[in-house]
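Each reported figure results from applying straightforward, stated rules to the coordinates on display, with no laboratory input. Model, not experiment: these values are computed from the prediction. Positions of Cβ are backbone-derived with ideal geometry, glycine not excepted, and every protein chain shown enters the neighbour counts.
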Amino acid sequence: MQRTIRKMKKFSIYLLMLVSVTSYACTNGVQEPEDNNDPVDPTGFSYELVTDGFSIPWGMTWLPNGDMLVTEKDGRILVVRDGNIHAQQIENVPEIYLRGQGGLLDIELHPDFENNQWVYMTFASSEGGGSGGNTALVRAKLNGFTLSDHEVLYKAEPNTTRGQHFGSRIEFDKDGYVYFSVGDRGNRNENPQDITRDGGKIYRLNDDGSIPADNPFVGQSGAKEAIYSYGHRNPQGMALDPETGEIWTHEHGPQGGDELNRIQPGLNYGWPVISYGINYDGSKFTDLTEKDGMEQPDTYWVPSIAPSGMDFISSDKYPGRKGGILVGSLKFNYLVFCEMDGNTVVNKEIVAQNIGRVRNVKQGPDGYIYVAVESKGIFRLLPE
């Protein structure tokens, strides 16, 4: 079966090679800049199905025994063991607020999980005042198949019944700080540019939820001191550069203007004052693509690829690809490989064509890249 799938994939790639990459341009008069095209790479990766039976697999991480934990947006945490979904799910998962893009989102282990059993999760939560929900970061101890000792480390405010832009991804850096993202919650005019408000931000905490003393807005009157950077729209990808130790994210633009950013403390990434996108109805909300005091993306996409999930390739499993970034596309059912020269994206290639709506991309303990695909399952990338 999997051999047939790979043959069909390769045939589709050869057909796509006959089609000009300019077909990747979108309507509404927005053309991807010439130096930003993503050519199809016909020989970069193949893929194989590891485990099926998932609906919207949002986050994934690995336990020391090799089991994979996979979050489903509907609030379940499933265990994949030896290529199969275990009959026993993780119990005592936090109560989630399931609405629109909100639900159970990312999952990550503490770097010292073997000794402390802490599991970190982001999800839409209705805790706090007002109706609706907002993104929360919690941790809990995993004992067998049961979570206990839940601690809310951060809860974004206020709650709202809007169903869009919850974020959210989690990443630890080499110093043990935990980073997570919260989208602008559909309120672009108030949240992203205001450091006294949650939403449209990347946050950094100590592993116990306390505020690091050197966070960029500590001591500023009214500021949310957990904020690390601001001016973001809806970051659904986050990864640690294993060489530099820096955090990278990507975020959804509106109609165009998806961004890949290297996150630096205290910097403003511009949304919605500057953007390479337009409204979904084709109208403009800004005439600016750059402005003093606001960061340019390291690369961007027009039209939108709807990015979700990303990771650096740090293993030797993929010759010639080490050090690059893989970004998933919900919209076009592929991955984009970003070739890096230091902190600069020097080339982008479309790989793993037709794999499906990519929700997450992570390198596993075995050095292979795993891809969570909606309504299909978990795939393993193989070098051609």
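Dividing the convex hull volume of the Cα atoms of the chain by its residue count, what figure in Å³ per residue is obtained? Don't skip to the answer; put the middle values down first.
On the way: hull volume 52.1 nm³, N = 384.
Each residue corresponds to 136 Å³ of Cα convex hull volume.
Residue ranges 66-75, 256-265 sort as 256-265, 66-75 when ordered by packing (mean number of other C-beta atoms within 10 Å per residue, highest first). In a simple Cβ point-charge model (Lys, Arg +1; Asp, Glu -1; nothing else charged), the range 44-191 has a dipole of about 460 debye relative to its Cα centre. Among residues other than GLU374 with Cβ under 14 Å from its Cβ, the summed charge is +2 (Lys and Arg +1, Asp and Glu -1).
Counting only C-alpha contacts under 8 Å and six or more residues apart, can you give the relative contact order of the range 233-315 as a whole percent?
Working: 171 pairs, mean separation 29.8, N = 83.
For the range 233-315, the relative contact order is 36 percent.
Kirkwood radius for the range 111-175, taken over all pairs of different Cα atoms as the inverse mean of 1/r, rounds to 13.2 Å.
Placing unit charges on the Cβ atoms only, positive for Lys and Arg and negative for Asp and Glu, gives the range 2-383 a dipole magnitude near 1280 debye about its Cα centre.
Orientation-averaged projection of the range 281-384 equals 8.5 nm² [convex hull of Cα atoms, one quarter of hull surface area].
Separation of the range 162-238 from the range 276-352 is 21 Å, based on Cα centroids.
Cross-link list LYS291/LYS317; LYS141/LYS201; LYS284/LYS348; LYS224/LYS376; LYS141/LYS317: which exceed 29 angstrom alpha carbon to alpha carbon? Flagged as over cut-off: LYS291/LYS317; LYS224/LYS376; LYS141/LYS317. Over the range 2-383, what is the mean sequence separation of C-alpha contacts under 8 Å (at least six apart), divided by residue count, expressed as relative contact order in percent? RCO, the range 2-383: 15 percent.
In which sequence would VAL373, VAL346 go, from the one with the fewest C-beta neighbours within 10 Å to the one with the most? Numbers along the way, then the final one.
On the way: VAL373 25, VAL346 11.
So the residues, fewest neighbours to most, are VAL346, VAL373.
Selection among VAL371, ALA226, TRP62 by position relative to the dipole of the chain gives VAL371 as farthest towards the positive end (Cβ unit charges, Cα centre). Each Lys and Arg adds +1 at its Cβ and each Asp and Glu adds -1 at its Cβ; summed about the Cα centre, the range 216-328 shows a dipole of about 160 debye.
Within the shell defined by Cβ-Cβ distances under 11 Å, the residues around ASN116 carry a net charge of -3, with Lys and Arg each +1 and Asp and Glu each -1.
Summing charges over all other residues whose Cβ lies under 13 Å from the Cβ of ASN84, with Lys and Arg as +1 and Asp and Glu as -1, gives -2.
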